[in-house]
Amino acid sequence: MNAAASRLIPINDLQRYSQAVIARLLPGAERVLKSGHFVLGPEVRQFESDFAAYCGVGHCVGVANGTDALELGLRALGVGAGDHVLLAANAAMYGTSAVLAIGAVPVFADVDETTCLLTVDTLQAAVDAAGSMPRAVIVTHLYGRLAPMASIVALCRRLRIAILEDCAQAHGATDATGVRAGAFGDIAAFSFYPTKNLGAVGDGGAVTCNDERLAENARKLRQYGWSRKYTNELAGGRNSRLDEMQAAFLCSLLPDLDARNARRREIANRYSLEINHADIQVPAPAGNEYVAHLFVVQSRQRDRLASHLQASGVASDIHYPIPDHRQPVHGDRFAAVGLPATEALCERVLTLPCFPEMTEDEVGRVIAACNAWRSDGAGMP
């Protein structure tokens with residue numbers, strides 16, 4: 001094996017990305033530094049306008065990170081202590097952490113075992129089991145794949161449950177009618193963590209919506225709950241502001257998002273079509289409803305597959321290994337909660353490298369490594 005072929009193919013490679021975009025980012029950095037205006041200035045306003053237009057919504061409110069976006073989105077909706085919030089348990093505790101932070105009660109719904117997403121049936125089952133009507137639901141577009149929003153929205157409107165979309169992994173995902181992630185529910189939360197499909201050079205997040213009242217709530221909440229300077233009007237506020245530098249960077253990077261999503265999807269669909277192994281379940285090829293933030297396969301022998309890939313020069317990761325209701329922070333609070341599909345998925349999911357800067361040779365090496373795996377253990381010491 002030559003030196004190039006022996007290098008580990010990473011899950012993501014931000015160094016390749018930063019080298020490709022540095023020339024585009026420098027003018028924005030210089031502009032911010034020369035302005036002397038570093039917080040909630042013209043760069044933030046420009047990005048908020050651009051991103052709202054991109055998502056097809058009326059309002060975007062920049063915040064410090066995606067987790068704050070989830071919490072402030074719930075608070076903007078009026079969700080508070082003691083309210084019940086429906087959500088999935090296979091998305092790394094981000095939504096659950098936001099629910100707990102405001103003193104609300106997480107009500108976990110199971111997911112579809114193939115798509116890993118909430119469905120109208122799993123939500124209805126959770127509502128029926130809860131015995132009381134939830135105030136809101138967090139719908140996570142996991143791995144970059146849109147949840148079935150038409151049916152979910154219809155259910156929630158009928159039951160008068162507010163919808164918060166978690167779009168941290170789904171920037172630009174679009175349904176068959178052209179509606180983008182972040183424009184289906186009452187309010188939505190985005191993360192711009194560097195590995196996201198639209199990533200900053202540091203932390204960042206946003207809340208999007210079409211409702212002026214909700215947007216105004218979010219604007220107050222991101223800055224101490226102020227209605228005007230030093231006048232705290234809205235409870236639950238904090239310092240959670242997208243800074244000018246990150247906003248300038250995001251403005252520069254947003255025009256490339258669709259093309260980068262297309263490249264991610266191209267890699268993912270090649271995996272789906274060319275990985276042919278009885279013990280590796282791949283997602284079906286997809287269209288614009290999937291932006292391939294992560295390419296996740298399933299295997300009942302996941303650990304052995306991961307070891308084989310590592311030995312073959314291919315990195316892998318698990319998104320995510322522990323369901324929210326089994327996290328040790330809860331003790332035995334959710335011991336009686338059973339989510340068969342979620343729990344099975346946490347034992348089987350494995351993430352393969354999928355990022356726009358991957359070369360065709362690297363994609364081929366990942367496919368070849370998967371197809372060469374001897375899942376029966378033959379030839380192993």
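Once P(r) over Cα pairs in 10 Å bins from 0, in percent is worked out from the coordinates, which option in [x] 4, 14, 14, 13, 12, 10, 8, 7, 6, 4, 3, 2, 1, 0, 0; [y] 5, 23, 31, 25, 12, 3, 0, 0; [z] 5, 25, 36, 26, 7, 0 does it equal? The value computed from this structure is option [y]. For Lys229, a cut-off of 30 angstrom between C-alpha atoms picks up these lysines, skipping any fewer than 8 places away in its own chain: Lys34, Lys220. Roughly how many percent of the accessible protein surface of the chain is carbon and sulfur, given a 1.4 Å probe and a whole-percent answer? After summing per-atom areas, the C and S share lands at 52 percent. Note on Phe38 and Arg304: with the Förster distance fixed at 45 Å, the Cβ-Cβ geometry gives a FRET efficiency of about 0.35. Placing a pseudo-label 7 Å from each Cα along the Cα-to-Cβ vector at Arg45 and Asp376 gives an inter-label distance of 6.9 nm.
Using θ = phi - 60° in the Karplus curve 6.51 cos²θ - 1.76 cosθ + 1.60, the 3J(HN,Hα) couplings for the range 102-113 round to 9, x, 7, 10, x, 10, 8, 10, 6, 10, 6, 6 Hz; x is entered for Gly and Pro. Ordered by solvent-accessible area of protein heavy atoms (1.4 Å probe), largest first, the residues Lys34, Lys220, Lys229 come out as Lys34, Lys229, Lys220. When Phe108, Phe38 are compared by accessible area of protein heavy atoms, the largest-first order is Phe38, Phe108, using a 1.4 Å probe. Normalised Debye scattering of the range 149-234 at q = 0.11, 0.14 Å⁻¹ gives log10 I(q)/I(0) of -0.38, -0.60, counting only Cα atoms as equal scatterers and leaving out solvent. Under 1.5 on a/c is rounded, so check that first for the range 229-279, then, if it is not, pick prolate when a/b is larger than b/c and oblate when it is not; a ≥ b ≥ c are the square roots of the alpha carbon gyration tensor eigenvalues. Verdict is oblate for the range 229-279. Dividing the summed helix terms, -39500 (n - 2.57) for each DSSP H run of n ≥ 4, by the number of residues in the chain produces a 222 nm estimate of -12000 deg cm²/dmol to the nearest 500. Distance from the C-alpha centroid of the range 192-267 to that of the range 291-347: 29 Å, rounded to the whole angstrom.
Would you mind working out the accessible area per residue for the chain, using a 1.4 Å probe, and quoting it in Å²?
Ligands and nucleic acids excluded, the result is 42 Å² per residue.
Rounded to the nearest Hz, the phi-derived 3J(HN,Hα) couplings of the range 309-321 under the Karplus curve 6.51 cos²θ - 1.76 cosθ + 1.60 (θ = phi - 60°) are 4, 4, 5, 8, x, 10, 6, 8, 8, 10, 10, 9, x, where x marks glycine and proline.
Rg ratio for the range 14-127: its Cα radius of gyration over 2.2 N^0.38 Å, N being its residue count, equals 1.43.
Calculated on the Cα set of the range 264-381, radius of gyration then Dmax: 15.8, 48 Å.
The values are calculated or read from the model by the stated rules, or taken from the named source; none is laboratory data. Treat the numbers as computed from the prediction; the structure is a model and nothing was measured. Because the Cβ atoms are built from the backbone with ideal geometry, glycine has one as well, and the counts that use them run over all protein chains shown. Heads up: the accessible areas ignore ligands, DNA and RNA and are worked out on the full protein's heavy atoms, side chains in. Shrake-Rupley method; radii C 1.70, N 1.55, O 1.52, S 1.80 Å.
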